[in-house]
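In what follows, a single structure is set out as structure tokens and then discussed.
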Amino acid sequence: MTLIQCETACFENIEAVIFDKDGTLANSHVFSRNLAQKRARLIDAQIPGVQEPLLMAFGVEGDRLNPAGLMAVGTRLENEIAAAAYVAETGRDWMEALSVVRSAFLEADRVFDRKADSTPLYAGAKELMQAIAQANLKIGILSSDTTANVQDFVDKYELNTLVQLAMGSDTGLSKPNPELLRQACAALDVLPEHAIVIGDSAADIEMACAANAAGCIGVMWEQINPASLKQANALVHTFTAIQIVST
């Protein structure tokens, strides 16, 4: 039998481990902050005066990105809608506001061409995934990013032999909707009760709890408020704190 131990928490009868990507496996905070700033500047060029409110909405605080903010944990669509709401407050029609925002987002994409190149693996991530795979457990990545970006990340860091599922949130569902995790588990052919979730946001933890996952581990790489992850079974500051034990 394989156990997953994490400080005082012990998970038994686990068949799959499902990771969040940004902020958990991928050090994406600098990239996301720079992308948010570029998006805000491009929108402000068309709608003067909205840059600072947009940065606040995205969760950019000076040179820091709020790890629990919209840019860090929200989907692209959620970011577009939030930005369009600020544009609409200036008196623009809703469809015009969406058009302005989507145009700016696409232009920013052209500047920041390949996200995976600028979002390296956190230390110990690949080693933990290798240990999980060696224990014959399945591995999935379930992200608020697009599926294309998740797969590009997997390709970039040569995780294809370890990861059985690379799934984004571009199907109309977003975290913390438990159906998203249920879909990921179905794709891995495991029940949520036999899967644990590892993530860095309240959305990851709430999703796991709502889907009746076997457990959830919160990671504390960035300046995350522990209270936001209070529902997690354990909190870790390094991947080495998660141990795969064969008995």
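The values are calculated or read from the model by the stated rules, or taken from the named source; none is laboratory data. Just so it is clear, the model here is predicted, and its values are computed rather than measured. Here the Cβ positions follow ideal geometry from the backbone for every residue, glycine too, while neighbour counts run over all protein chains shown.
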Requested in this report: Answer yes or no as to whether F19 is in contact with a Leu (Cβ under 6 Å, 6 or more places away or on another chain) and hydrophobic (A, V, I, L, M, F, W, C).
Outcome: yes
Report task. Would you be able to say whether some residue in segment 149-159 is crowded, with 19+ Cβ neighbours inside 10 Å, of a type outside the set (G, A, S), assigned to a loop (DSSP other than H, G, I, E, B) and without any contact (Cβ under 8 Å) to a residue 60 or more places away in the chain? Result -> yes
Query raised in the report: In this structure, is D44 within 16 Å of D145 (Cα to Cα) and free of Cβ contacts under 8 Å to residues at least 12 places away in the same chain?
Result: no
Report summary line: For segment 80-114, the count of residues that are at pLDDT 95 or above and within 24 Å of I141 (Cα to Cα) equals 1
Query - Selected residue (criterion: farthest from S201 (Cα to Cα)) from residues of segment 51-102 that are β-branched (V, I, T) and in a loop (DSSP other than H, G, I, E, B) - result: T90
Report task. Could you tell me which of the residues E96, E80 is surrounded by fewer than 16 Cβ atoms within 10 Å (Cβ to Cβ) and either of a type in the set (D, E) or in the same structural domain as F19 (by TED's automatic domain parsing) (or both)? Result -> E96
